[in-house]
1. Debye sum, Cα scatterers, the range 113-227, no solvent: what log₁₀ I/I(0) at q = 0.10, 0.11, 0.20 1/Å?
2. Please give, to one decimal in nm, the separation of the simple spin-label points placed at GLU273 and ASP112, each 7 Å out from Cα toward the Cβ.
3. Would you mind computing, in nm to one decimal, how far apart the modelled labels at HIS225 and GLN248 are, each placed 7 Å from Cα along Cα→Cβ?
4. Say each of VAL191 and GLN16 gets a label point 7 Å from the Cα, pointing the same way as Cα to Cβ; how far apart are those two points in nm?
5. Lone cysteines in the chain, defined as no other cysteine's Cβ under 4.7 Å from theirs: which are they?
6. Which lysines have a Cα lying under 16 Å from the Cα of LYS193, excluding residues fewer than 8 positions away in the same chain?
7. Using only the Cα atoms of the chain, construct the convex hull and provide its projected area averaged over every direction, in square nanometres to one decimal.
8. Can you give the alpha-carbon Rg of the range 207-274 over 2.2 N^0.38 Å, where N counts its residues?
Amino acid sequence: MDVGEEGFRISGAGAQDKLIACMKDGQVLLPLNGTPSTHIIKPAMPDYPDSVENEWFAMRLADACRLSVAACDIAVIDGKRCYVCERYDRESIDGKVRRLHQEDFCQMLRVDPKRKYESVGGPGLKESFALLRALQLPASDTVEFLNRILFNFIVGNGDAHAKNFSVLYRDGVPRLSPAYDIMSTALYPEVGKRMAMKIDGEYAFKWITRGKFIRMADKLGIHPHVVKGEMDKMIRRVRHALPRLVAQATRRFPHRCYSAIADGIASRLSQLEA
Ligand SMILES: Nc1ncnc2c1ncn2[C@@H]1O[C@H](COP(=O)(O)OP(=O)(O)OP(=O)(O)O)[C@@H](O)[C@H]1O
Ligand SMILES: [Mg+2]
């Protein structure tokens, strides 16, 4: 991680240590002389040694539940497992990689990144849905966003703040970007009890109910019928995908965190099934 070459911007934005790089045939390549990077590589966080397996598992589960997510995997680099994610803000034409423009919700709403959490005055769901409307994104993006809110609650992701949602521009047209930076922070009791954005006035995972989601949607102008339907579909998808994914993940990269994450998910699912 510690390349530090002059003129080489090595670290990606965000709170966590990461390397922006290219990967080819399992090899990490450093993008020199203005070459666009194509991957983001995150080593395990010192305070959360299972962060690699946790993020990979949560992202794979999101994918299995039919959210649009950035492609990711675990790579063993220098004997250590790292979380590796493909950059969705790149386009390859005839083998040449081009950058696409993206802006996160803080940037779009002109909110200082220091205020990315709603609890310190940052954007909440009201501002986020209003942004999607102001950008005139297709209805499918609004439904996708609603599903991400549902999924983040279910998986126990308390870090879904306004910098963890972005808009991606292709030919000048904005769309909700694929999902990224999803992990089950609920696994870490010292930090993981609260969500980054309130659901019907409540941050604490343990007080969220089916009724809260329905009231939240109603306040945002989403018909209760829609949120109930999406919630039930999401619950079914998670129930269907979870056991298979725990088995698959355990086969590929054995770790005890998968079943711990699954236990948390089971209890939050029951909160949604009134
Ligand atoms: N797959 C991706 N493709 C393109 N850009 C990405 C991708 N994943 C993350 N990013 C961008 O990089 C930024 C930092 O990445 P990420 O959110 O994963 O890191 P983090 O350090 O865990 O963030 P946080 O500050 O939320 O803890 C994101 O805000 C987003 O703009
Ligand atoms: Mg982030």
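Derivation of every value follows stated rules applied to the coordinates shown; laboratory data play no part. Everything numeric here is computed off the predicted structure, so don't read it as measured data. Counting neighbours? That spans all protein chains shown, and the Cβs are built from the backbone with ideal geometry, glycine included.
1. -0.28, -0.34, -1.16
2. 4.6
3. Rounded to a tenth, the inter-label distance reads 3.5 nm.
4. Between VAL191 and GLN16, the label points sit 0.9 nm apart.
5. CYS22, CYS65, CYS82, CYS106, CYS257
6. List returned: LYS206.
7. On the way: hull surface 60.1 nm².
Quarter of the Cα hull surface area: 15.0 nm².
8. Numbers: Rg = 14.7 Å, N = 68, 2.2 N^0.38 = 10.9 Å.
Dividing the Cα Rg of the range 207-274 by 2.2 N^0.38 Å gives 1.35.
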